[in-house]
Protein chains: 2
Amino acid sequence: MKEVLLSDLLAGALHRDAEQPLQRQIYDIVRRCVLDHTLLPGQRLPSSRALAADIGVSRITITLAYDRLIAENYLSSRGGSGTFVEHTVERPLTAASPAALQRHRPALSTRGAANGSRRGGLAQHTGAFVPGIADAGLFPFHLWRRLVARHLNKSDLSLAGYAKDGAGFMPLRQAISNYLRISRSVVCEPAQVILTAGTHQSVDLCARLLADPGDAALVESPCHWAFPLVLDAAGLRVHAATLDEHGIALADTTLPRRARLAITSPSHQYPTGVVMPLARRLELLQAARAAGLWVIEDDYDSEFRYDGAPIPSLQGLDTDGRVIYMGTFSKTMFAGLRFSYIVVPPHIADACAQACARLYRPGHLHLQAALADFMNDGHFAQNIKRMRVEYGERQRLLRIALQARAGGLVTLSEARAGLHVYARLDRAVSVARLTAAADEEALVLGVPHFLPEHAARDRNAVVLGYGGVPAARIDDGVARFARALDKAVATARTRAARG
Amino acid sequence: MKEVLLSDLLAGALHRDAEQPLQRQIYDIVRRCVLDHTLLPGQRLPSSRALAADIGVSRITITLAYDRLIAENYLSSRGGSGTFVEHTVERPLTAASPAALQRHRPALSTRGAANGSRRGGLAQHTGAFVPGIADAGLFPFHLWRRLVARHLNKSDLSLAGYAKDGAGFMPLRQAISNYLRISRSVVCEPAQVILTAGTHQSVDLCARLLADPGDAALVESPCHWAFPLVLDAAGLRVHAATLDEHGIALADTTLPRRARLAITSPSHQYPTGVVMPLARRLELLQAARAAGLWVIEDDYDSEFRYDGAPIPSLQGLDTDGRVIYMGTFSKTMFAGLRFSYIVVPPHIADACAQACARLYRPGHLHLQAALADFMNDGHFAQNIKRMRVEYGERQRLLRIALQARAGGLVTLSEARAGLHVYARLDRAVSVARLTAAADEEALVLGVPHFLPEHAARDRNAVVLGYGGVPAARIDDGVARFARALDKAVATARTRAARG
């Protein structure tokens with residue numbers, strides 16, 4: 001191979017009108033030719049001046065490309081005697097043939113392909129009627145910004161490191177513990193509070209700490225989409241427990257073998273809105289005791305009750321140390337903050353903290369310090385109080401509008417609570433047709449996540465969230481929802497008439 | 001049971017000098033007595049005035065406790081006729097006997113117990129010679145604070161939500177992609193860059209996407225403690241690949257059955273510091289192609305090279321799409337920031353983004369936007385440049401001091417790179433005795449994480465980090481290290497003489 005070949009090669013391969021600079025194109029071509037031995041080890045390359053003249057580019061372009069190739073050991077410069085192809089590449093690296101690639105290219109694993117394709121949460125987080133989202137537009141970012149900025153400095157360098165204690169920043173755990181004891185009747189000390197990076201991580205941590213691969217977990221059906229997904233990803237078999245008008249009914253559920261834990265949302269079942277009465281709570285704890293089950297209580301939106309009756313937590317009734325209480329800042333602060341927490345019985349608190357440190361290597365202590373201030377300075381309680389009024393009014397308006405515009409076709413969940421209502425649909429409406437019609441009205445509806453064994457006839461419902469809908473726009477959203485409903489019913493009737 | 005019993009009960013159980021307010025004590029006692037039917041459903045309780053007089057506390061204390069118990073449905077108030085125990089509790093909830101608890105209380109799972117106890121990373125993150133930590137004391141927090149504060153407002157509410165695209169904030173992925181293409185010869189488009197919450201999550205994501213439970217993964221031995229831990233937690237069997245003076249030697253490794261992936265740190269093997277030459281890189285890619293393995297390239301500290309020779313990434317040599325490039329902001333920014341990234345081949349980029357959204361539900365977009373600005377405004381490159389000078393000087397001083405004070409007992413890794421040196425110890429020194437002696441000198445030494453099959457004779461080494469040690473304090477740290485070494489050798493000699 002002669003030196004002249006490089007200029008021929010470049011002359012033929014350079015795209016002068018391409019977006020990529022010529023210098024980079026030359027670098028790429030020479031590098032590839034060194035790697036595949038089109039340019040042989042030891043071969044002398046033309047001088048930058050000669051090459052520049054040959055292919056008609058500026059000399060500095062060639063010099064810059066050569067310099068980088070020399071710095072990266074593809075070429076070497078031997079003083080005055082020229083530029084040479086390095087000997088480092090002993091065997092040419094050739095691209096695999098397409099057939100060989102097909103045969104050899106590693107693919108996603110079975111679980112990887114499943115995780116990479118199945119439906120998760122909605123991608124849209126604002127507007128009517130995306131469920132489960134707090135209204136970030138009303139969050140006091142001016143206060144939050146000030147508190148975060150207060151800690152982003154060098155006065156305490158330990159905040160810039162990993163969380164020494166995997167369970168999080170102790171003053172924040174103290175503030176959460178105070179809050180939960182007072183407002184949720186949770187029985188806990190700060191050491192029992194474990195910070196996580198969101199409810200996904202809370203469930204993952206529980207699954208890995210409390211169950212082994214192949215063990216079974218019980219969930220409600222419908223439930224939050226993440227629960228079966230995260231439990232399954234942790235190797236658990238997921239089964240639906242019986243769910244009735246008083247919530248999860250563990251005593252009526254045939255337990256699968258190796259059942260280890262149950263997840264429930266007793267204070268405002270997600271998404272059906274069922275509120276579990278005290279008697280059922282006690283029955284649940286007794287059934288869990290008899291079966292030796294861990295109970296994970298998801299108390300995701302209990303801060304927002306609009307009829308004044310607080311419901312104490314299940315955890316506060318537990319005398320065995322079998323309830324893990326799970327809460328989040330996603331609804332009381334804003335979703336992207338990514339702080340949730342679990343409260344665990346004292347006898348496993350150290351193990352939980354250690355497992356967090358090992359499995360997740362948590363940090364974000366500046367934010368945790370700011371959040372502790374936000375709570376201790378009273379902003380947290382203040383914000384909840386303010387938002388409770390706001391969300392309560394939105395739910396009131398939503399109920400009025402739905403009753404007026406679509407009362408014949410939907411039946412709403414009763415609880416005056418949370419950030420959504422559960423709307424059971426008349427059997428003339430199909431959820432698939434309704435969501436399609438809603439899409440045409442620029443509406444997003446939550447579709448409840450049922451477990452496969454859930455009877456098809458009981459699946460006729462949608463979830464309407466109002467966290468992303470200002471009060472003034474609720475009626476308009478409902479008007480569009482009513483139009484979508486009518487369209488879905490009309491389609492059904494047309495089809496029935498045709499069929 | 002008569003009403004008088006409640007006053008007797010309270011009079012006997014209240015601790016007037018306890019930290020807990022009397023009102024809370026009364027609430028707790030009454031609630032417990034309602035739950036276990038010491039106070040029977042329907043029973044009339046004394047008026048707040050009468051009870052207050054009976055037990056000698058202020059009436060407001062009783063009123064507040066009663067109000068809360070009424071609000072939580074333990075008691076009810078029937079206008080003028082008094083306060084009654086509610087009927088909600090049908091069956092008394094009794095605490096399990098200690099024996100029954102022993103039998104029934106759910107325990108941690110097998111993997112939970114393992115994860116809750118095994119050693120992870122060091123809890124200490126500053127001082128001589130904690131390995132792998134950036135010096136947060138030199139980080140420009142004044143700039144970072146300004147950029148974070150710039151985004152913590154309501155101008156873009158989508159930043160307050162979950163990451164719509166599970167792979168992260170696109171302008172940040174664009175900035176990372178530009179950076180990696182220029183400085184690390186990584187071949188990538190922004191869509192191939194997947195943001196993670198740290199290297200733990202990067203490895204977890206790879207393990208779940210690329211391998212199924214029971215598949216095998218190859219790691220270097222020694223390696224970062226998190227790799228075997230996270231791979232094992234994801235259900236993989238972890239094996240050591242051969243590691244020699246040129247790095248991982250896949251071609252010389254007997255592959256376990258169902259081998260799916262290998263993790264390597266070619267640019268500065270962690271912790272031994274071996275730099276993989278180009279020829280070995282090509283050999284590695286060819287061996288991986290032959291075996292159909294995914295290769296995960298951990299490029300954790302390649303920003304810090306002090307002898308001027310950049311080493312292009314393994315990813316840039318890959319023509320098959322089998323290399324996953326892994327990088328982190330923990331060394332270039334600060335550890336607690338919790339942003340790392342992987343660069344994946346185009347054919348699995350969408351699946352990776354989707355899996356992130358599903359498995360982790362990421363957020364922190366305000367911080368991602370600030371980080372994009374930090375990079376695009378040039379602060380990131382500027383900070384690396386500044387810290388490269390600083391760390392280079394620290395390593396130089398560390399080498400000089402170690403040579404002078406302990407040259408006969410330690411042999412240092414050669415690479416002028418990173419935030420640590422690997423110190424092989426004379427066989428007269430035992431690592432256990434050395435770390436014990438170092439502890440007395442208030443020093444923290446990194447102990448390399450070897451796989452079980454690693455030969456005991458090759459384990460005689462410690463890792464010395466200087467990210468947490470200002471240049472002016474290096475010599476003092478080394479003096480203490482030398483004293484610890486002498487002590488460890490003297491102990492060994494005394495024992496040998498005795499034995």
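The values are calculated or read from the model by the stated rules, or taken from the named source; none is laboratory data. If you're wondering where the values come from, they're calculated on a predicted model, not measured in any experiment. With ideal geometry, Cβ positions are generated from the backbone for all residues, glycine too; neighbour counts draw on all protein chains shown.
Summary table below
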item	result
B:Asp212 vs. criteria in contact (Cβ under 8 Å) with a residue 12 or more places away in the chain and surrounded by fewer than 20 Cβ atoms within 10 Å (Cβ to Cβ)	yes
Extreme residue, nearest to the other protein chains (Cβ to nearest Cβ), among residues of region A:164-182 that are out of contact with any helix residue (DSSP H, G or I) (no Cβ under 6 Å at 6 or more places or on another chain) and aliphatic (A, V, I, L, M)	A:Ile182
In region B:243-269, residue nearest to the other protein chains (Cβ to nearest Cβ) [restricted to those that are in contact (Cβ under 8 Å) with a residue 60 or more places away in the chain and closer than 14 Å to B:Asp301 by Cα]	B:Ser267
Residue that is farthest from the other protein chains (Cβ to nearest Cβ) [pool: residues in region B:228-242 that are of a type outside the set (Gly, Ala, Ser) and in contact with a Pro (Cβ under 7 Å, 6 or more places away or on another chain)]	B:His239
Flag for A:Gln382 being surrounded by 21 or more Cβ atoms within 10 Å (Cβ to Cβ) and closer than 29 Å to A:Trp144 by Cβ	no
Test result for B:Arg68, at pLDDT below 85 and touching a helix residue (DSSP H, G or I) at 6+ places or on another chain (Cβ under 6 Å)	yes
Sole residue being more than 30 Å from A:Ala369 (Cβ to Cβ) and not hydrophobic (A, V, I, L, M, F, W, C), chosen from B:Tyr325, B:Tyr341, B:Tyr300	B:Tyr325
Long-range neighbours under 7 Å by Cβ, at least six apart or interchain, first residue assigned by TED's automatic domain parsing to the domain that holds B:Met375 within region B:166-179, second acidic (Asp, Glu)	B:Ser177/B:Glu189
Test result for B:Arg181, surrounded by fewer than 23 Cβ atoms within 10 Å (Cβ to Cβ) and modelled with pLDDT of 95 or more	no
Qualifying residue in region B:207-229 (condition: β-branched (Val, Ile, Thr) and over 23 Å from B:Gly168 (Cβ atoms))	yes
Single residue of region B:136-168 satisfying the filter (in a helix (DSSP H, G or I) and aromatic (Phe, Trp, Tyr)) that is nearest to B:Leu195 (Cα to Cα)	B:Trp144
Qualifying residue in region B:258-265 (condition: at pLDDT below 95, buried (at least 23 other Cβ atoms within 10 Å of the Cβ) and within 15 Å of B:Cys223 (Cα to Cα))	no
Residue ID - nearest to A:Phe141 (Cα to Cα), chosen from residues in region A:353-365 that are within 7 Å of chain B (Cβ to nearest Cβ) and part of a helix (DSSP H, G or I)	A:Leu365
Residues satisfying the stated conditions in region B:250-267, i.e. more than 17 Å from B:Val323 (Cβ to Cβ) and assigned to a loop (DSSP other than H, G, I, E, B)	B:Thr253, B:Thr254, B:Leu255, B:Pro256, B:Arg257, B:Arg258
Every residue from region B:52-91 that is crowded, with 16+ Cβ neighbours inside 10 Å and either farther than 23 Å from A:Leu278 by Cβ or in contact with a Cys (Cβ under 9 Å, 6 or more places away or on another chain) (or both)	B:Ala52, B:Asp54, B:Ile55, B:Val57, B:Thr61, B:Val85
Complete set of residues in region A:410-453 that are out of contact with any Lys or Arg (no Cβ under 6 Å at 6 or more places or on another chain) and polar (S, T, N, Q)	A:Ser413, A:Ser430, A:Thr435
Residue within region B:228-238 that is assigned to a loop (DSSP other than H, G, I, E, B) and surrounded by fewer than 21 Cβ atoms within 10 Å (Cβ to Cβ) present	yes
Pick from region A:183-227, criterion in a helix (DSSP H, G or I), more than 20 Å from A:Asp350 (Cβ to Cβ) and in contact with a helix residue (DSSP H, G or I) (Cβ under 8 Å, 6 or more places away or on another chain), ranking: farthest from the other protein chains (Cβ to nearest Cβ)	A:Phe227
Any hit, region B:139-156, residues being in the same structural domain as B:Leu371 (by TED's automatic domain parsing), in contact with a Gly (Cβ under 7 Å, 6 or more places away or on another chain) and surrounded by 23 or more Cβ atoms within 10 Å (Cβ to Cβ)	no
Test result for A:Val469, exposed (fewer than 15 other Cβ atoms within 10 Å of the Cβ) and either outside any strand (DSSP E or B) or touching a residue at least 60 places away in the same chain (Cβ under 8 Å) (or both)	no
Number of positions in region B:140-160 that are within 7 Å of chain A (Cβ to nearest Cβ) and within 19 Å of A:Leu159 (Cα to Cα)	5
Candidate set: region B:104-131, residues that are over 30 Å from B:Val469 (Cα atoms) and in contact with a Gly (Cβ under 8 Å, 6 or more places away or on another chain); chosen: the one modelled with the lowest pLDDT	B:His104
Meets criteria (within 14 Å of another protein chain (Cβ to nearest Cβ), farther than 17 Å from B:His364 by Cβ and in contact (Cβ under 8 Å) with a residue 24 or more places away in the chain) for A:Asn376	no
Total residues in region B:31-51, condition in a helix (DSSP H, G or I) and surrounded by 18 or more Cβ atoms within 10 Å (Cβ to Cβ)	6
Single match in B:Thr94, B:Thr61 (criterion: hydroxyl-bearing (Ser, Thr, Tyr), over 30 Å from A:Asp320 (Cβ atoms) and either modelled with pLDDT of 80 or more or within 43 Å of the chain's Cα centre (by Cα) (or both))	B:Thr61
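Yes/no per residue for (1) in contact (Cβ under 8 Å) with a residue 24 or more places away in the chain; (2) touching a Gly at 6+ places or on another chain (Cβ under 8 Å); (3) among the hydroxyl-bearing types (Ser, Thr, Tyr):
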| residue | (1), (2), (3) |
| --- | --- |
| A:Leu6 | yes, no, no |
| A:Leu9 | yes, no, no |
| A:Leu14 | yes, no, no |
| A:Ala18 | no, no, no |
| A:Gln23 | yes, no, no |
| A:Tyr27 | yes, no, yes |
| A:Arg32 | no, no, no |
| A:Thr38 | yes, no, yes |
| A:Leu45 | yes, yes, no |
